[in-house]
Each structure stands twice: as structure tokens, then as C-alpha cells.
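Notes follow once the structure below has been shown.
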Amino acid sequence: MSALSDNLVTFAILAYLVAMIGHAVEYALGNVRTRVATAAPARELVGAGGGVVPTPSAPIPSPPTADRSTGRARLAGLIGVGATAVAAALHLAALVTRGLAADRMPWGNMYEFVLTVTFIGVAAWLVVLWKRQSLRKLGLFLTLVMVLLVATAELVLYVPIVPLVPALNSYWFVIHVSTIVFASGIFLLGVVPAVGFLMRNGYEQGKRSFPYTLAKRLPGAVGLERLTFALHAFAFPIFTFAVIAGAIWAEAAWGRPWGWDPKETWAFISWVVYAGYLHARATPSVKRNVATWIAVLGFLTMLMNLFGVNIFFTGLHSYGGLD
């Protein structure tokens, strides 16, 4: 079962790669648009009374090559979405088989945690895309993130299945870690439209240098910013509950609710930054791009808590599984 899980992760990475290529093709072909012809000079008819009556000119039909390119772009985008759904199914199967092989929830180390967070992120993306298909072009950036993170988990963070350390053998393991995983997955998805908004907003303001040119074919900045806020506003209360649940678990396991352990400290930093983002977003005097930069900073603190704390620090939460 463990070997099956490993193989499913490999196939999921390949499917995410196919999805990324499909979205990239759609993105590349997006510059060919159906051109509505400029009106030809209107012909004038002389009426019986000597008046000049303009006749409307017929629009020039778009070139067949433009229609073909538009159709191919849409087909590539749909292939990207389909491949993403297949990758998500393989991803879920890998987690289920890993959990069955370990006889526990698959959240016991960094490898399993990253796999679960990325699955939550892509599953949430498919739900968002089902509701708002106009956001499909964001799929290029989402699948790029999936390829990078899942491949990193498989190639760098992978560890064989081992029993949980004694401190994790508690029902709080399910309550605390499941909510942390879920919130982290939504934050992972939320950073994609956040970065997209920052690039698109700059492009709409006339900036034509890299990376703003990458946002030429993204949805409008206003829609991306609203999606960013909606995702963060949804995830933040869940993250808050997860931090509180962790403190309750720490009281039961270690006799104190809070001890400024490195992971506790960085969880608190992330909470403060995300709270700052929501406060800034609700403050009319704060520009949207400034608030969005705070959201991006919040995700960087989450990455630090996941990778930096487990790799560079030691503490009561050192369950990364890396030597």
C-alpha cells in the first residue's frame, strides 16, 4: 500500500505537469483574438429630396486563423482543467493509501503535511473554478505551484512510514492538525489570486515591465482582489480555531498552553499578519495593493513555519521527519 501511494504521487505530479502545459498553451494562444473589423467608409445614398442618407457598413469578419487559434486556446484550457481534476483524484488516492498503510491520518510529518495541504488547495481551486469559470487562466499559476510543492515533497521531504511519536497519539491530533491543514490549503490557494492581482493591477496602471506583462491575459484586477479577500476571510477563522485547539492540546500534553516554541511563535506571527491583512482590507484608507502585499507576507510566514522551523530549529513540534 505504501508503494502504491508513492506511485500515485508520481502520477499526480505528471498529471499536474500536463495540466500546467495545457494552461500554458491557452495562455500563449490568448493573444490571438477575434478582431471586429473597423468600419469601412460608409457609402452615401442620395435621397429623392437631395439629402444624403448614410448606410451602415458591414463588419469585416474575423480571419479564420484567429477563430482556429481561439478554439485551440479554449481546448487547451479545458484539457488543463481536466488534467487538474485527474491529478487531484490521484493526489487524493495517494493520501488515502498512505493513511491506510500507516493506519492513521496521513499528517505525521512534513511530507504528508505538504501532500495534504496541496490537495486541499487544488480541491478548493476546482470548487472556485466550478463557480467562476472566467478564472480559468489562473490555472497556469495554480498548477505551477502544485508541481513545485508536490515534487518538492516527493523528492526532498519524502520519508518512509513510521509510527506517530507518543505526543501525537491523541484525538487532538485529528482536531488540531486537520484544521491547520485545511486553513493552510485555503491560504495556499489565496496567494495565487493575490499575486495575480498585484501583477494585473500594475498592468492596468500602465506598467509594461516584467512581471506585469505576465498578467496581460489574467482576469480583471478587481475580481482577483475580491477572490483573494473571500478566500482569506474564509480561512482565517478556521486558522484561529486551529491555534486555539493547539493551545488546548499543549495544556493536556505538556502542562502549559503556550511556551513560545518556534512553531508556536511562527503560528502566532502568521495569525497576526493575516489579522493585519483583514484589518487593512476593511480600512478604506488603505490601498488594495498594500493590503494584498500583507496577505502575501502572511503566506511567506506560513512557509517559514512549515519549512524553516522544521529544518533549522528544534523544539517540541519537531516532527518533520527529516534527519
Practice task
Could you sort out which of LYS131/LYS216; LYS131/LYS263; LYS263/LYS287 sit more than 25 Å apart by Cα distance in this structure?
Solution key: LYS131/LYS263; LYS263/LYS287
Exercise for the section: With a 1.4 Å probe and every protein chain left in place, work out the accessible area per residue of the stretch 164-221 in Å², rounded to a whole number. Expected result: 42
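If packing is taken as the mean number of other Cβ atoms within 10 Å per residue, what is the order of 124-130, 253-259, highest first?
Working: 124-130: 16.7, 253-259: 12.3.
Ranking the peptides 124-130, 253-259 by packing returns 124-130, 253-259.
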Exercise for the section: Take the Cβ-Cβ distance between TRP260 and VAL127 as r, set R0 to 35 Å, and report the resulting FRET efficiency rounded to the nearest 0.05. Expected result: 0.40
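For LYS137, LYS287, LYS216, give me the order by solvent-accessible area with a 1.4 Å probe, most accessible first, ignoring ligands, DNA and RNA. Before the final figure, lay out the partial values.
Values: LYS137 55, LYS287 140, LYS216 90 Å².
Heavy-atom accessible area, descending, gives LYS287, LYS216, LYS137.
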Exercise for the section: Rounded to the nearest Å, what's the spacing between the alpha carbon centres of the stretch 168-242 and the stretch 96-110? Just the number, please. Expected result: 27
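Between SER285 and ILE311, how high is the FRET efficiency from 1/(1 + (r/R0)^6) when r is the Cβ-Cβ distance and R₀ = 35 Å? Nearest 0.05. The partial results should precede the final answer.
Details: r = 39 Å, r/R0 = 1.13.
Once rounded, the FRET efficiency stands at 0.35.
Order ARG68, ARG226, most accessible first, counting only protein heavy atoms with a 1.4 angstrom probe. Write down the numbers at each step before the final one.
Working: ARG68 120, ARG226 150 Å².
Descending accessible area places them as ARG226, ARG68.
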Fill in the blank from the handout: When every protein chain stays in place and a 1.4 Å probe is rolled, SER270, SER69, SER134 sorted by accessible area with the largest first are SER134, SER69, SER270
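The values are calculated or read from the model by the stated rules, or taken from the named source; none is laboratory data. Keep in mind that this is a model prediction, so the values were computed, not measured. Note: ideal-geometry Cβ built from the backbone for every residue, glycine included; neighbour counts use all protein chains shown. Please note that ligands, DNA and RNA were not included when accessible areas were found on the heavy atoms of the full protein model with its side chains. Shrake-Rupley method; radii C 1.70, N 1.55, O 1.52, S 1.80 Å.
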